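Structure first, then comments.
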Amino acid sequence: MHRRALFVLLAAFGLSVLLRAPLLNRPLSAHHEFCTAITLITLHNWWTDGVAAHAGAPTGVFVNEAKHLLPPAQYDANAQALALYYFSHPPLAFDLPYALFVLTGTPPNALGLELFNVFFHLVTALCLYGALHQFAGKGSLAPLFAGLLYLFMPAPLWFHSNAYMGDIFVQNTWALHVLAAMVYFHRRDPADRQRLALFGLTLFLAVYTSWLGVFAGAASGALALWLAKRDRDPRWLRTLAVVALATAAALGLTLWRYTRLVDLDALLGYFVSRFEVRGTTGTDVDLVGSLRDLVLLNYRIGYLPVILLVLGLVVWYKLKRRDTTWRADQGLLLFVVLTGLPVLLDHAVLLPYAEHDFAALKGGLLLCGLGGLLLDQLPARSAYALLVATCVAGVLYFYRTNPLPGYDGGRYAKERDLGEAIGREARVNEVLFFEGPAPEPQVLWYAKRHIIQVNSSEEALRFLRQRGLHKGVIFRPTPEGLLHEHVEDL
């Protein structure tokens with residue numbers, strides 16, 4: 001990597017951190033910060049009890065308290081585990097920040113997790129630079145342009161900082177794999193053991209983070225098959241063995257950890273039930289609505305400035321009938337396959353899940369990469385002007401979705417204030433109930449307690465009676481403030 005390009009990217013990253021600084025360590029609230037709260041609750045459980053006590057499994061509840069609400073006479077070990085833990089994703093995205101908190105001797109906290117997340121924004125931008133650098137040509141500014149675009153688009157600015165979960169963090173391990181795969185495939189030497197080993201290791205990390213890694217493996221496997229047929233070189237087939245080994249190792253390690261808490265049959269049943277909700281072929285799936293949300297809402301919120309840049313330049317080049325030097329380059333084909341096909345498979349298989357706008361984060365490598373390549377075909381002055389305009393538009397759109405303190409109408413303090421108020425009033429030996437809509441995970445995080453949603457005092461008493469419990473407290477939000485009522489089942 002050229003020193004000047006590295007300096008520019010580091011300076012731009014520093015600026016992106018300054019632009020987000022007022023939002024860091026802000027009370028967890030809107031725009032998917034419930035994901036951050038769930039992660040923090042998991043890390044708190046591990047920190048308090050030791051990671052081995054939870055078999056390294058993620059959770060969204062305070063397990064020791066919640067487990068008392070699941071008496072063994074009514075809930076067997078499988079039912080307890082499925083109620084207490086969140087098995088939907090492999091665990092690496094929880095392991096890494098936990099290791100950081102342990103190494104620094106710091107209890108899990110929101111700012112530490114956000115700064116950990118911010119650091120990987122730089123890592124992913126550097127990986128994008130490196131992937132394009134494999135084929136962009138000597139003296140090309142496309143890799144630098146792409147890295148800068150990725151640093152200032154709305155989705156990366158937010159989901160590489162305040163919002164954190166496994167299916168967000170996978171962007172980083174997948175970007176490492178994209179870089180390793182570009183190096184391996186573009187050098188056209190299937191016998192290079194060192195590059196193939198790096199390819200396999202980064203794929204393992206991606207799969208061990210979330211399901212996008214599996215789709216990345218499928219894309220690389222398909223690419224290897226195509227190259228073996230095109231080049232009549234069976235050595236490419238060894239890539240399939242590495243893909244299978246990396247995927248099996250990551251998923252096997254995940255199953256080994258989780259089956260220390262739940263039987264394999266019950267765990268597989270859990271995955272099937274989750275796929276029925278999140279999968280494209282699941283029951284009651286509104287395919288048109290999900291696709292509309294993905295394209296017109298999520299990608300618009302996350303990448304509208306760079307989408308307009310790419311579409312505008314493509315149309316402009318078409319109208320001018322201007323030839324582009326990178327159009328037929330094999331490196332471009334590799335880049336599009338490695339950054340586009342896994343995302344396409346992810347959205348196609350898990351379309352209802354893509355209703356979450358963080359799902360659009362995955363398209364950023366391809367969009368910003370294409371934006372950088374298209375900008376590089378312009379005269380320098382025009383390219384710089386368009387780059388700056390696009391980045392400024394990205395920052396402004398980011399602030400539109402995530403307003404700065406003082407411009408948010410006070411919305412970001414509500415969950416914290418509610419949770420802390422509940423934590424102050426609740427007694428240790430009471431079951432906590434919340435009458436009204438189910439409280440968000442942020443409320444649980446600030447209360448440091450498990451909270452049950454009910455619709456009435458009678459429902460709360462019935463809950464206690466069914467489990468042989470006796471004392472509880474019901475919290476009711478009212479226009480006058482938060483009220484509470486202590487209840488007992490004698």
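Between SER456, HIS486, GLY423, whose Cα lies farthest towards the positive end of the dipole of region 411-488 when Lys and Arg beta carbons carry +1 and Asp and Glu beta carbons carry -1, centred on the Cα centre?
So the residue we want is GLY423.
Can you compute the modelled spin-label distance between LYS448 and HIS31, with each label point 7 Å from Cα toward Cβ, in nm?
So the label points at LYS448 and HIS31 sit 2.9 nm apart.
Please report, in debye to the nearest 20, how large the charge dipole of the chain is about its Cα centre when each Lys and Arg carries +1 at its beta carbon and each Asp and Glu carries -1 there.
Computed about the Cα centre, the dipole is about 2220 debye.
Could you give me the ³J(HN,Hα) list for region 207-213, computed from phi with Karplus coefficients 6.51, -1.76, 1.60 and θ = phi - 60°, whole Hz, x at Gly and Pro?
Residue by residue, region 207-213 yields 5, 6, 9, 6, 6, 4, x Hz.
Search the structure for amide H atoms under 5 Å from the amide H of THR59, placed 1.01 Å from N in the peptide plane, and list their residues when 5 or more places away or on another chain.
THR42, TYR86
Stretched out fully, how many nm does the piece from ASN109 to THR478 gain, at 0.36 nm a residue minus the Cα gap? List each step's numbers first, then the result.
Working: separation 369, 0.36 × 369 = 132.84 nm, distance 2.99 nm.
Once the chain is fully extended between ASN109 and THR478, it gains 129.9 nm.
By how many nm would the segment from ASP192 to LEU225 grow when fully extended, if each residue of separation counts as 0.36 nm and the alpha-carbon distance is taken off?
My answer for the length gained is 10.2 nm.
Which value in deg cm²/dmol, rounded to the nearest 500, describes the helix-derived mean residue ellipticity at 222 nm for the chain, given -39,500 (n - 2.57) per DSSP H run of n ≥ 4 and division by the residue count?
Calculated from helices alone, the mean residue ellipticity at 222 nm is -20000 deg cm²/dmol.
Calculate, in nm to one decimal, what ARG462 and LEU6 gain on full extension: separation in residues at 0.36 nm each, minus their alpha carbon distance.
Result for the pair: 157.9 nm of gain on full extension.
Roughly how many Å is it from the Cα centre of region 467-489 to that of region 173-187, as a whole number?
First find each Cα centre; the distance between them is then 55 Å.
Using a Förster radius of 45 Å, what is the FRET efficiency between VAL314 and THR48 based on their Cβ-Cβ separation? Nearest 0.05, please.
The computed FRET efficiency comes out at 0.25.
Just to be sure I follow the definition: excluding the sites themselves, where is the longest run in the chain that has none of the trypsin sites (Lys or Arg not before Pro) in a DSSP loop with at most 11 other Cβ atoms within 10 Å?
So the longest stretch without any such site is 1-137.
Given the pairs LYS229/LYS320; LYS67/LYS471; LYS362/LYS448, which span a C-alpha to C-alpha distance of over 28 angstrom in this model?
Flagged as over cut-off: LYS229/LYS320; LYS362/LYS448.
Bear in mind that the values in this text are calculations on the coordinates, not laboratory data. Computed from a predicted structure; not experimentally measured. Quick reminder, even Gly has a Cβ in these numbers, built from the backbone with ideal geometry, and neighbours come from all protein chains shown.
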